[in-house]
Amino acid sequence: MKRELTPETEVETGTTQVEQWQLDLDRVGFVRRMLLARKWYGGDWWFVVISAILLLGIIILGVFPQFFAPHDPRAEVGPSLLAPGQPPAGYYLILPDESTASELREVARSENDIGYIVGSPASQALREAIDVINEDAAETGERYQPRPRRYNTVEEGLAAVAAGEIDAFIASEGELTDQVETDPQLRNAGIIREAGAQGFFLGTNQLGQDVFSRIIWGTRIALIVGLSSAIVAFVIGVPLGLISGFVSGRFDRGLTLLMDSMYSFPGLILAIAIAAVLGAGIGNIIIAIAVLYIPTYFRIVRGQTLSVKEELYVEAARSLGTRPLTIIWRYIFPNVIPSVVIIFSVNVADAILTGTGLSFLGLGLPPDTPDWGIDLSRGQDYLRRAWWLITFPGLMVTLVTLSFSMLGESLSEILNPRLAEL
Amino acid sequence: MSETFKPQTFDQSAQTKQILCQVRNLTVSYKTRLGPVNAVDRVTFDIYSGEILGLVGESGSGKSTLGKALMRMHPPPTETTGQIIFKGEDIMKYDDDEMRDFRGRKVSMIFQDPMTSLNPVQRVDEHVVEAIQVHEPKTKTANALQRVSSLLERLGIAKRRLSSYPHHLSGGMRQRVMTGLGLVLNANLIIADEATTSLDVIVEAKLVDLLREIRDEFNVSILMISHNIALVAEIADRIAVMYAGQLVEIGSVYEVFDKPLHPYTKGLLKSIPNIRLDEGEELYKMPGEPPNLTRPPQACRFHPRCPERTSVSDKYEPPLIEASPGHWVKCWLYQDHPEKTNPTIKLDEE
């Protein structure tokens, strides 16, 4: 019914103005709409441009991470689990009023008890402060190691201090209530760690490492894994496909069977198996992923070779006495390569995803490597408290994968002459 | 019609009847699910040097297969048997390396479809240089180009065209490039497999002229495979007619066109469309269908369609005999057989 209406009547009778493109879309059938959508998706040059710019940025990040990362990705540069942009808090030492001590050193003997709130960064502040004291006292041979006491709330902790159960309590500005000022039994003995002036752009992780720096250095690992495994797969898969398609016969059948059986495995499972057998190391990860993608290249190239070798110009080359290797290299390969290049781009994205998956599962890379997969797998333990630990690495994986496949897909749509004029 | 086909050089080639290539009992057998198919069946003929031999026949009669078989271009499992003696050497005995060297250097081929017979990603000059370097790998690119520059000019390929890709060129231009590829190595025989079929008539006429000039200039032999009989009549010195994989008649273009002997040739000539065909007069249509080569007819393969069938045509296969000097035919009409009841036609030399 709606198809019968012309745009004019629709606009005149309707109370609200309907956009022309909505009318256009409404008047075409579903199949045609899908086709049009594909044209809009594939044919638009800006799609390629956006993904290319994104990729360029990502590659620059990956090549020169040291210029963009503010901190060493492995160093513990701040308190742990600091939210993005939040400056590190200052921590105060709370003593009972009757205590004669005036600083941490005096209550930090191994027979002393020091309390703090469970899970509070205060414990880290305390540990660091003790470390400093120990360093100073290293010459005298004295060792400071107070016993930690954990409390659920500040009130409980302060009550314990007032009751003399513990010798001191550590709390940040935010945690402290005005109970310290009002309660005569308590005394604020000063700061054990200064509040930071500046926070971290994307926060810190559970080890106090800068999330932003780790993401930037992770780009390098992702690109190394993605590109090298795609290149290794290309270098092995393409010649095998060329030779197999060109020679045909028994060799071809055997190789095709092998490749097809590899292809039929679920990708990540096969990669896990290979990585588990090969052991740790970035080289082994690359090999595991490359093996995964060899059949993709092999199948594409073999299929194309089978059709190209029947072309007249190959026949003509043979009639001139050209050697088989020359025919493969100069006649078949250049005519096969355009379709492979597109596969390559999409494959890099896939390989990055698989590489991240492998390190997420704890296979391959050493645990302190600044890698997105490792960050994701560590960060999921702190999902409730620190959303930034998995959000940003996950975002980067998505972004890189998306821009690689976007470039590949849209290039393939644009380069495919049969889709050019719909 | 007779005034149209008068090749000027016929006499010259008749004087110097030097045999370039002898083909004896050449059989090409394709392996199919229905058993072997002899696309070319015991074909015997000679090619003289400097002649243009036309090879005609219906689609599927084995013309192109024969052309490729001359260069042993059928990869296994297709079997090629018989003898091909080229300049005194049996090329069926060549190994792969010798065969590669033979292709291009001695025999080259021009294909039917000029649109696809050049590598789309190579420039014209790269094609030409490669044709040379395939056989003389040490030749420098510049030297190779210098060597072929006059030849290419002779073929009408301008210098600025050398850096074009095949899709920049017209069909006729591409066929000229292909011809050039055949000539750069001074091949003795050029096999033109339907080379002019996909060109329009004007370009076709030019290419045919060019081929004839090339023959006169370089003294190459040309095997012109075509289903266009008029074209073959225009250019060829001798003509060979194939039917169902077999050679049924071969002779000089005069004799075959003026006095066709084989009933198939007669039918073929009658079915050429003619502008002088009278109103209401119907074009001759040969009865029956071309045979299925998986189960070819017994004895003479043409007998089910033959209007002049003899009493033995369906029992025995006729040999190819020389009915009159230089004019061979494979038909019982012109030879005796003990069981034959029809009279044998004697061809007297006039």
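About the Cα centre of the protein assembly as shown, what is the dipole size in debye to 20, counting +1 per Lys and Arg Cβ and -1 per Asp and Glu Cβ, all else neutral?
Numbers: 73 positive and 93 negative charges, 719 e Å.
So the magnitude is around 3460 debye.
Take the Cα coordinates of chain A, assign each an equal point scatterer, and use the Debye formula without solvent to give log10 I(q)/I(0) at q = 0.12 Å⁻¹.
Evaluating at q = 0.12 Å⁻¹ gives log10 I(q)/I(0) of -1.03.
Quote the relative contact order of the stretch B:117-186 in percent (integer), defining contacts as alpha-carbon pairs under 8 Å separated by 6+ residues. Before the final figure, lay out the partial values.
Working: 61 pairs, mean separation 34.3, N = 70.
For the stretch B:117-186, the relative contact order is 49 percent.
Where is the GNM fluctuation largest for chain A (alpha-carbon springs, 10 angstrom cutoff): A:G174, A:G245, A:G267?
A:G174
Got a sec? Which residues in the stretch A:280-308 would a label at A:I231 touch, if it sits 7 Å along Cα→Cβ and we count backbone N under 20 Å?
The answer is A:281-298.
Please arrange A:F404, B:F86 by counting, for each residue, the other beta carbons lying within 10 Å of its beta carbon, fewest first. Let's see the in-between values first.
Working: A:F404 28, B:F86 21.
If I rank by nearby Cβ atoms, fewest first, I get B:F86, A:F404.
What Kirkwood hydrodynamic radius do you get for the stretch A:280-422 when you take the inverse of the mean 1/r over all pairs of distinct Cα atoms, in Å?
Result for the stretch A:280-422 stands at 18.1 Å.
Given charges of +1 on the Cβ of Lys and Arg and -1 on the Cβ of Asp and Glu, with all other atoms neutral, how large is the dipole of the stretch B:117-186 about its Cα centre, in debye to the nearest 20?
Values: 10 positive and 5 negative charges, 39 e Å.
For the stretch B:117-186, the charge dipole is close to 180 debye.
Over the Cα atoms of the stretch B:301-350, what radius of gyration and what Dmax do you get, in Å?
11.0, 33
Mean residue ellipticity at 222 nm from the helices of chain A, using -39,500 (n - 2.57) per DSSP H segment of n ≥ 4 over the full residue count, to the nearest 500 deg cm²/dmol? Before the final figure, lay out each step's value.
Values: 17 runs with 246 residues, N = 422.
My calculation for chain A gives -19000 deg cm²/dmol from helical runs alone.
Convex hull volume of the Cα atoms in the stretch B:109-203, per residue, in Å³?
On the way: hull volume 9.0 nm³, N = 95.
About 95 Å³ per residue, rounded to a whole number.
Name the residues whose placed amide hydrogens come within less than 5 Å of the amide hydrogen of B:Q246, ignoring near sequence neighbours (fewer than 5 apart) on the same chain.
B:D41
Could you compute the net charge surrounding B:L268? Neighbours are other residues with a C-beta less than 12 Å from the C-beta of B:L268; K and R count +1, D and E count -1. Kindly include the intermediate steps, with their values, before the conclusion.
Values: positive: B:K266, B:K270, B:K285, B:R305; negative: B:E58, B:E249.
In short, +2.
Once both axes come from the Cα atoms, what is the angle between helix A:250-263 and the longest principal axis of chain A, in degrees from 0 to 90, rounded to 10?
30 degrees
Hull surface divided by four, with the convex hull built on the Cα atoms of the stretch A:98-230: how many nm²? It would help to have the intermediate numbers written out before the result.
On the way: hull surface 46.8 nm².
Orientation-averaged projected area of the Cα hull: 11.7 nm².
Can you give the convex hull volume per residue for the Cα atoms of the stretch B:57-122, as a whole number of Å³? The partial results should precede the final answer.
On the way: hull volume 9.1 nm³, N = 66.
In the stretch B:57-122, the Cα hull volume divided by residue count equals 137 Å³.
Any chance you could list the semi-axes, whole Å, largest first, of the equivalent ellipsoid that the Cα gyration tensor gives for the stretch A:100-164, using √(5λ)? Don't jump to the answer; show the numbers that get you there.
Details: eigenvalues 105, 36, 15 Å².
Three semi-axes, in Å: 23, 13, 9.
How much mean residue ellipticity at 222 nm does chain B get from its helices, if each DSSP H run of length 4 or more adds -39500 (n - 2.57) and you divide by all residues, to the nearest 500 deg cm²/dmol? Provide the component values of the computation, followed by the final result.
Details: 10 runs with 101 residues, N = 350.
Computed ellipticity for chain B at 222 nm equals -8500 deg cm²/dmol.
Given Cβ point charges of +1 (Lys, Arg) and -1 (Asp, Glu) and nothing else, what value in debye, to the nearest 20, does the dipole of chain A about its Cα centre take?
Values: 31 positive and 46 negative charges, 632 e Å.
With only Lys, Arg, Asp and Glu charged at Cβ, the dipole is about 3040 debye.
Mind computing the radius of gyration and Dmax over the alpha-carbon atoms of the protein assembly as shown? Å is fine for both.
Taking only Cα atoms of the protein assembly as shown, I get Rg and Dmax of 42.9, 149 Å.
Considering only the other residues whose Cβ falls under 12 Å of the Cβ of B:M73, what net charge follows from Lys and Arg at +1 and Asp and Glu at -1? Walk me through the intermediate numbers first.
Details: positive: A:R318, B:K68, B:R72, B:R100, B:R103; negative: A:E315, B:D193.
So the surrounding residues net to +3.
Can you give the FRET efficiency for A:I53 and A:E142, using 1/(1 + (r/R0)^6), R0 = 45 Å, r = Cβ-Cβ distance, to the nearest 0.05?
0.15
Angle, helix A:333-360 long axis vs. longest principal axis of chain A, Cα atoms, 0 to 90°, nearest 10?
Its long axis makes an angle of about 20 degrees.
Output the antiparallel fraction of DSSP beta bridges having both residues in the protein assembly as shown, as a percent to the nearest 5. Mind showing how you got there, number by number?
Values: 40 of 66 bridges.
The antiparallel fraction comes to roughly 60 percent.
Could you give the Stokes-Einstein D for chain B in µm² per second, using the C-alpha Kirkwood radius, 10 °C, 1.306 mPa s? All intermediate terms of the calculation are to be shown ahead of the outcome.
Working: Rh = 21.5 Å.
For the chosen part, D equals 74 µm²/s.
Please find the FRET efficiency linking A:R323 to B:S198, where r is the Cβ-Cβ separation and R0 is fixed at 41 Å, and quote it to the nearest 0.05. Write down the numbers at each step before the final one.
Numbers: r = 29 Å, r/R0 = 0.71.
The pair A:R323/B:S198 has a calculated efficiency of 0.90.
Summing Lys, Arg as +1 and Asp, Glu as -1, what charge do residues with Cβ under 11 Å from the Cβ of B:A187 carry, B:A187 excluded? Don't skip to the end; give the middle numbers.
On the way: positive: B:R103, B:R105, B:K106; negative: none.
Its environment carries a net charge of +3.
Could you tell me the relative contact order of chain A? Use alpha-carbon pairs under 8 Å, at least six residues apart, and round to a whole percent.
21 percent
Rank these for me by crowding, A:T305, A:T204, going from fewest to most other beta carbons within 10 Å. Please report the intermediate quantities before stating the final value.
Values: A:T305 26, A:T204 30.
Listed from fewest to most nearby Cβ atoms, that is A:T305, A:T204.
From the residues A:I269, A:Q124, B:V124, which one has its Cα farthest along the dipole of the protein assembly as shown in the positive direction, the dipole being from +1 and -1 charges on Cβ of Lys/Arg and Asp/Glu about the Cα centre?
Checked the options; the winner is B:V124.
Given a cut-off of under 8 Å on Cα pairs at least six residues apart, what relative contact order in percent is computed for chain B?
Taking the mean separation of contacting Cα pairs over the length of chain B, I get 20 percent.
Taking the Cα-to-Cβ direction at B:L283 and at A:D72 and moving 7 Å from each Cα, how far apart do the two end points lie in nm?
The two pseudo-label positions are separated by 9.0 nm.
At q = 0.14 Å⁻¹, what log₁₀ I(q)/I(0) does the stretch A:201-314 have when each alpha carbon counts as one equal point scatterer in the Debye sum?
-0.68
A short reminder: the numbers here are calculations on the coordinates, not readings from a lab. Just so it is clear, the model here is predicted, and its values are computed rather than measured. Every residue, glycine as well, gets a Cβ built from its backbone with ideal geometry; the counts of neighbours run over all protein chains shown.
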